[in-house]
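The values are calculated or read from the model by the stated rules, or taken from the named source; none is laboratory data. Everything numeric here is computed off the predicted structure, so don't read it as measured data. Reconstructed Cβ throughout: ideal geometry from the backbone, glycine too, with neighbour counts over all protein chains shown. Side chains are part of the model used for accessible areas, which takes the heavy atoms of the whole protein and leaves out ligands, DNA and RNA. Shrake-Rupley method; radii C 1.70, N 1.55, O 1.52, S 1.80 Å.
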Amino acid sequence: MSTTTRIRVLDAPSIDRSLTRIAHEILERNKDLRSVGLVGVQTRGVPLARRLAQRLGVIDGQAPPVGVLDINLYRDDLSRISDHPILRRTEIPYRVDDSIVILVDDVLFTGRTVRAALDALMDLGRPRQIQLAVLVDRGHRELPVRADFVGKNLPTAETERVDVRLTETDGEDEVVIVRVEGGKDAREEERP
Amino acid sequence: MRLESPHLLGIEPLTPGEITLILDTAEGFSDIAEREIKKVPTLRGKTVVNFFVEPSTRTRSSFELAEKRLSADSLNFSTSTSSLVKGETLLDTLRNLEAMSPDFIVLRHSEAGAPHFLAKHGRTSIVNAGDGAHEHPTQALLDAFTIRGKKGRFAGLKVAIIGDILHSRVARSNIWLLTKMGATVVVCGPPTLLPRGLDRLGAGVTHRMDEAVEGADVVMMLRIQHERMKGGFFPTLREYATFYGLNAQRMKRAAKDAIVMHPGPINRGVEIMGDVADGEASVILDQVRSGVAVRMAVLYLLAGGDREAAPSER
């Protein structure tokens, strides 16, 4: 029998504060938002990207456009998993060419999702620059990837799972660490 | 969620959930045709053999394009180049093909059951691209994808399938699919081209076209297959067109926003009149577009690696 422990590491107000801070950092780094577009990685990167855009709109007066990216066709483990993940739409309502794209995802872990997202974006055009914003960086990178904007750095064990739950997708805002005693390596479940 | 079988042999064995999974996945592929780079690396390193033992241009091209857009390597075998004409048995051909270790064999064959035979004796994923007068699953799936795109649902729709039902694998696969998804299907054609037992598949049967079209949301015309018409199934093409051709007058009996479908190639002036084929209700070219997305979805879903391995979490 395996026992499961859940530890809440971020509640709704702290997620809120993190996003507001990231929005300010994005503005500090990109003075002119006119050439900036956000891209949320399916599934939970999408509501995060929308929230960031809304905050940027409040602070700067104009909200950058938000696109949606499904990275499943670019995964590096497709021939290893038995059931291919359900494909969702990719929809970017602005020209990627020569724009500054800020990629938004919920958790940065092995870096494989980001690698896939970079390849997917490059097939859609040639951005001038790509920056990366994540709500949680939990470490254990397997590729040379780092985020430009991080909501919270969260030291974790490889066997732990980090669940980001958002109102839009899960009914409430929280980030929890799930520890399963006798569980398998989280990377086996969350690849890429 | 995944497909139960490593093969796509027909619509009959699929569950409504599996059909929905294929259609949902095809949504994700449909925008790739609009991009500047119409290619994704998903099936890089996979090999697909398109083995066509019966003439076909559009189905083969559609599969080929789907394979190329998924970055798979494809290889074409057709009747004229295959050694079947030299007397090799299907089993020997299969062994020879498998010696080249393909990941998929897409098979078009004039005999019903040929893909099932390959699936049983081989170790490669088989996709049925039409077997005799039996099934043509990807055609039914692309038709369904087109219908869902236009109508948003299947439940409660009335679909009329009109023409040569006897020789039509398209009709059979469509009846399976549409009845499974909750649509009402009426098939119609001259008595010589309507096989018995269709009611057992769950379809209504009529010989009168006006009755079939009455109130239909979807009017699906089938091609008169000249190449199979040596048996004198009807007196003349002209008489056929009079009784079973779709013209603007007949379309008025259909529902107001009805769509007209045809698997192609169309015989203008025989089963469908030019003004209807080119009219606003016609979705014939949408069907062609859907074909590539649906075939990409099928290959993607069948390409899951080790089926014995644990399913992934995301």
With the condition kept exactly as written, say whether any residue in segment A:47-67 is under 13 Å from the mean Cα position of the chain (by Cα), open to solvent by 50 Å² or more (accessible area, probe 1.4 Å) and among the basic types (Lys, Arg). yes
Sort out which residues of segment A:68-83 are surrounded by fewer than 17 Cβ atoms within 10 Å (Cβ to Cβ), charged (D, E, K, R) and at the interface with chain B (Cβ under 7 Å from one of its Cβ atoms), and write them in order of number. A:ARG80
When segment B:22-35 is checked residue by residue, the ones that are open to solvent by 10 Å² or more (accessible area, probe 1.4 Å) and either in contact (Cβ under 8 Å) with a residue 60 or more places away in the chain or closer than 15 Å to B:ARG148 by Cβ (or both) are B:ASP24, B:GLU27, B:SER30, B:ALA33
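Open to solvent by less than 20 Å² (accessible area, probe 1.4 Å), in a strand (DSSP E or B), small (Gly, Ala, Ser) and out of contact with any Pro (no Cβ under 9 Å at 6 or more places or on another chain), is that true of A:ALA133?
Here the answer is yes, as A:ALA133 does meet what is asked.
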Any idea which residue in segment B:36-60 is surrounded by the fewest Cβ atoms within 10 Å (Cβ to Cβ), counting only those that are away from chain A (no Cβ under 12 Å) and out of contact with any Phe, Trp or Tyr (no Cβ under 9 Å at 6 or more places or on another chain)? B:THR57
Whichever residue in segment B:1-29 is within 9 Å of another protein chain (Cβ to nearest Cβ) and closer than 18 Å to B:GLU67 by Cα and, among such residues, is nearest to the chain's Cα centre (by Cα): B:ALA26
Inspect segment A:21-31 for any residue being in contact (Cβ under 8 Å) with a residue 40 or more places away in the chain, closer than 30 Å to B:ALA293 by Cα and basic (Lys, Arg) and give the result as yes or no. no
Pick from A:ARG112, A:ARG126: which is within 14 Å of chain B (Cβ to nearest Cβ), open to solvent by 50 Å² or more (accessible area, probe 1.4 Å) and closer than 28 Å to B:LEU301 by Cβ? A:ARG112
Can you spot a residue in segment B:229-242 that is at pLDDT below 95, surrounded by fewer than 20 Cβ atoms within 10 Å (Cβ to Cβ) and under 25 Å from B:PHE154 (Cα atoms)? no
Condition met for B:GLU111 (within 14 Å of chain A (Cβ to nearest Cβ), open to solvent by 50 Å² or more (accessible area, probe 1.4 Å) and within 28 Å of B:LEU178 (Cβ to Cβ)): no
Any residue in segment B:41-70 that is farther than 18 Å from B:LEU142 by Cβ sitting within a Cβ distance under 6 Å of a residue that is assigned to a strand (DSSP E or B) and open to solvent by 50 Å² or more (accessible area, probe 1.4 Å)? List the pairs, counting only those 6 or more apart or interchain. B:THR47/B:ASP73; B:VAL49/B:LEU75; B:PHE51/B:PHE77
Members of segment B:143-172 found to be part of a helix (DSSP H, G or I) and either among the β-branched types (Val, Ile, Thr) or surrounded by 23 or more Cβ atoms within 10 Å (Cβ to Cβ) (or both), listed by number: B:ASP143, B:ALA144, B:PHE145, B:THR146, B:ILE147, B:VAL170, B:ALA171, B:ARG172
